[in-house]
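Pasting a structure here, questions to come.
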Amino acid sequence: MQKQVLMTAAFFGALAVGLGAFGAHGLKPLLNDYQIAIWEKGIQYQFYHTIVILVLAFYPKISVKSSFLRAVWFFIAGIILFSGSLYFLAIKDIIGLENAKWIGIVTPIGGIAFILGWLSIFIGATRERI
């Protein structure tokens, strides 16, 4: 299980670096300051939660039934929904979907997934024997 979680962290980390570079170099001339800020917020939250997934990969008690693995799944969902929707909102004008404001309702769902991930870690910690 730890290997898969580590591979997930590596994937999302590499993706965050790539998307960050793409935003800084490829999108900057095409987006306004507000859109760049939205893109960067997506990168920021993706990195934060990727680092937590990485830490959880090295937690010895991560298993199929653990709250810690549940947290990983919530963080994956949060990255896809929260960060993904921010990426889309930032570039929707340049891809011809100016009226796709509905995607904004996805962002809070991703935020809830992040919160549930953190609460899963909290629940897992309360069950740990120290």
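For the stretch 19-120, with all protein chains present and a 1.4 Å probe, just round the carbon and sulfur fraction of the accessible area to a whole percent.
Numbers: 4100 of 5610 Å².
The computed percentage sits at 73.
Sort all Cα-Cα distances of the stretch 1-80 into consecutive 10 angstrom bins from zero, then give the percent of pairs in each bin up to the one containing the longest distance.
Here the calculated profile for the stretch 1-80 is 19, 44, 23, 12, 2.
Relative contact order for the stretch 27-120: what percent, with Cα pairs under 8 Å and sequence separation of 6 or more?
On the way: 94 pairs, mean separation 33.5, N = 94.
Computed over the stretch 27-120, the figure is 36 percent.
At 15 Å minimum axial length over the Cα atoms and a Kyte-Doolittle cut of -1.0, report the qualifying DSSP H helices in the chain, or say none. Mind showing how you got there, number by number?
Values: long enough: 2-21 (28 Å, 1.18); 33-57 (36 Å, 0.58); 67-78 (16 Å, 1.49); 106-127 (32 Å, 1.49).
Helices passing the filter in the chain: 2-21, 33-57, 67-78, 106-127.
I've got another one for you. Compute the accessible area per residue over the chain, keeping the other protein chains in place, probe 1.4 Å, unit Å².
On the way: 7750 Å² over 130 residues.
On a per-residue basis, 60 Å².
Once you put a point 7 Å from the Cα of TYR48 and another 7 Å from the Cα of LEU6, both along the Cβ direction, what distance in nm separates them?
2.7
A further question follows. With no solvent and one equal point scatterer placed on each C-alpha of the stretch 38-130, evaluate the Debye formula and give log10 I(q)/I(0) for q = 0.22 Å⁻¹, two decimals.
Results for the stretch 38-130 at q = 0.22 Å⁻¹ read -0.98.
The values are calculated or read from the model by the stated rules, or taken from the named source; none is laboratory data. None of the values given here were measured: they were computed from a predicted structure. Cβ coordinates were reconstructed from backbone atoms using ideal geometry, including for glycine residues, and neighbour counts include every protein chain displayed. Side chains are part of the model used for accessible areas, which takes the heavy atoms of the whole protein and leaves out ligands, DNA and RNA. Shrake-Rupley method; radii C 1.70, N 1.55, O 1.52, S 1.80 Å.
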